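A short worksheet on the structure shown next.
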Amino acid sequence: MSNETPLWEVFIRPRNGLAHKHVGSLHAADEALALSAARDVYTRREEGTSIWAVRSDAIVASDPARAGQNFDPAEDKIYRHPTFYDIPEDVGHM
Amino acid sequence: MYSQGLIGADGGSEETQEFLDAFQARIDAEEKIEPTDPMPEGYRRTLVRQIGQHAHSEVVGMLPEGNWISRAPSLKRKLALLAKVQDEGGHGLYLYSAAETLGVTREQMTEELLDGTAKYSSIFNYPTLSWADMGAVGWLVDGAAIMNQIPLCRCSYGPYARAMIRVCAEESFHQRQGYEIMLTLCKGTPAQKEMAQDALNRLWWPCLMMFGPHDGDSAHSEKSMKWKIKRFSNDELRGKFIAATVRQAEFLGLTIPDPDLKWDDSLNGGKGGYHHGEIDWSEFWRVVKGDGVMNVERVEMRKAAWDDGAWVREAALAHAAKRSAKMAAE
């Protein structure tokens, strides 16, 4: 067993109806301690109404070296945006 | 104060000129650098050192104030001080996390603090002798820290900048509660006001030293400015701090212990600024090198906390391992 306490990523829902958002990380031995530390560290000033904690090593991330390959193709697909289509003003709001 | 973290930093890199130029172009375009982005080794090393030193400063900074929690003069002051010290623990955590994104572990950083390889801000090697010091620390030490930290919110390294945004949002209460303590003392009995003046006398010069050596003597500043780790020079920040603080001291009816402090309209390109007396740099270097009044005790206390907590860390990990083994068996 490693003597390093595992790293967790913390996500907070600021208000009812909003999505959880990443706020930072912390070290904790298990789920219960991670939630308890997250509460103490990240919600001292009413920042949240709900907490998610996820082991950092459980996160799958895209490869930054392939960022171009992954995300550039969307750049020239302007027809995926509403402003690409001309609608006469007389039609009204659409 | 965190420019003190740059003392002795080795910004040297062995990358090709092409790589360095491409990196610099991203910095110049105000792009944020993220943990998985390519970066020069010198940039990474400089940040590990500065963020680590900053984190250690937050954690060691809990000690001079923790010292006064049980002796706070009222419940209100005790609550404020507890909240402030708890915030500082949190700030240490945000910063350690930011440093960890650069490939250094919490355990490594802690060991470096305890064996003296890593430093923390020189200001915390001064003792807090009276209740007025709680006022002066909040007002001046946190004031100086905020002066340093606001530009760090725009630091080129994303995780550090994001940590600083959280820290700055929380820190302004620290300075205000300190100033309010000073206000109360200054409106009190002559003995209380004298206590406030004494705290200012003792902490003023060490606070000016928090900004680090003069620009001409700050060997590694230039590279940090170029990489936008740092946005203002040590002397610029020190000047801003003095200009902001003089008025606040006047309002309190306290005297800044510098007979050479003088306003000059011609400084800062006509915006004006203060000339200040000579800072005792020999004292600064003595404290940085370990010979301040509190250096030994501060590190001993951190070491005791780390060693005494070892069984808790081990027990928590053992419990977690046992539970996950049990769950796997079910």
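The values are calculated or read from the model by the stated rules, or taken from the named source; none is laboratory data. Keep in mind it's a predicted model, so treat the numbers as computed, not measured. All Cβ positions, even for glycine, are placed from backbone atoms using ideal geometry, and neighbour counts span all protein chains on display. Calculation scope for accessible area: heavy atoms of the full protein, side chains included, ligands and nucleic acids excluded. Shrake-Rupley method; radii C 1.70, N 1.55, O 1.52, S 1.80 Å.
Of all complete DSSP H helices in chain B, those with a Cα span along the helix axis of 30 Å or greater and a mean Kyte-Doolittle hydropathy of -1.0 or more are B:75-100, B:158-186. So, in Å, what gap is there between the alpha-carbon centers of the stretch B:102-147 and the stretch B:259-317? Value for the Cα centre distance between the two parts: 6 Å. Taking Cα centre as origin and charging only the Cβ of basic (Lys, Arg, +1) and acidic (Asp, Glu, -1) residues, the dipole magnitude of the protein assembly as shown rounds to 1380 debye.
Only helices enter this figure: runs of n ≥ 4 DSSP H residues, each worth -39500 (n - 2.57), summed and divided by the residues of chain B, yield -20500 deg cm²/dmol at 222 nm to the nearest 500.
Helix content alone sets the calculated 222 nm mean residue ellipticity of chain A: runs of n ≥ 4 DSSP H residues at -39500 (n - 2.57) each, divided across all residues, give -5000 deg cm²/dmol. Selection among A:Ile12, A:Ser50, A:Ala29 by position relative to the dipole of the stretch A:7-91 gives A:Ala29 as farthest towards the positive end (Cβ unit charges, Cα centre).
Interface burial in the stretch A:37-62 reaches 10 Å² or more for A:Asp40, A:Val41, A:Tyr42, A:Arg44, A:Arg45, A:Glu47, comparing the full protein assembly with the chain by itself; accessible area from heavy atoms with a 1.4 Å probe. For chain A, the relative contact order comes to 26 percent (Cα pairs under 8 Å, sequence separation of at least 6). Rg/Rh, computed from the Cα trace of the stretch A:7-91 with Rh as the Kirkwood radius, has the value 1.22. Antiparallel beta bridges, as assigned by DSSP with both residues in the protein assembly as shown, represent about 95 percent of the total such bridges. Out of all Cα-Cα pairs in the protein assembly as shown, roughly what percent, to the nearest whole number, are more than 39 Å apart? Of all Cα-Cα distances in the protein assembly as shown, 28 percent exceed 39 Å. In this model, which of B:Lys32/B:Lys230; B:Lys84/B:Lys223; A:Lys21/B:Lys32 are farther than 23 Å apart at the alpha-carbon? Listed pairs above 23 Å: B:Lys84/B:Lys223.
Ranked by the mean number of other Cβ atoms within 10 Å of their residues, highest first, the peptides B:27-40, B:260-273, B:119-132 come out as B:119-132, B:27-40, B:260-273. Under 25 Å of direct C-alpha separation, and excluding same-chain neighbours fewer than eight residues apart, B:Lys78 reaches these lysines: B:Lys187, B:Lys193. When +1 charges are put on Lys and Arg Cβ atoms and -1 charges on Asp and Glu Cβ atoms, the dipole computed for the stretch B:48-202 relative to its Cα centre reaches about 480 debye.
Placing +1 on the Cβ of every Lys and Arg and -1 on the Cβ of every Asp and Glu, with nothing else charged, gives the stretch A:7-91 a dipole about its Cα centre of roughly 440 debye. Once the mean 1/r over all distinct Cα pairs of the stretch B:179-306 is inverted, what Kirkwood radius in angstroms do you read off? In the stretch B:179-306 this quantity evaluates to 17.0 Å. Please find, in a Gaussian network model of chain A (springs between Cα atoms separated by less than 10 Å), the residue of A:Ala34, A:Ala74, A:Ala61 whose mean-square fluctuation is greatest. Result for chain A, Cα springs under 10 Å: A:Ala74 fluctuates most. Across every pair of non-identical alpha carbons in chain B, the mean reciprocal distance, once inverted, gives a Kirkwood radius of 21.2 Å. Scattering from the stretch B:235-330 was approximated by placing one identical point on each alpha carbon and applying the Debye formula without solvent; log10 I(q)/I(0) at 0.15, 0.16, 0.19 1/Å stands at -0.82, -0.87, -1.01. In vacuum, with every alpha carbon of the stretch B:59-157 counted as one equal point scatterer, what does the Debye formula give for log10 I(q)/I(0) at q = 0.13, 0.14, 0.16, 0.18 Å⁻¹? Two decimals, please. Here log10 of I(q) over I(0) equals -0.55, -0.63, -0.81, -0.98. Taking a straight Cα-Cα cut-off under 13 Å and skipping sequence neighbours fewer than 8 places away in the same chain, the aspartates and glutamates within cross-link reach of B:Lys271 are B:Glu236.
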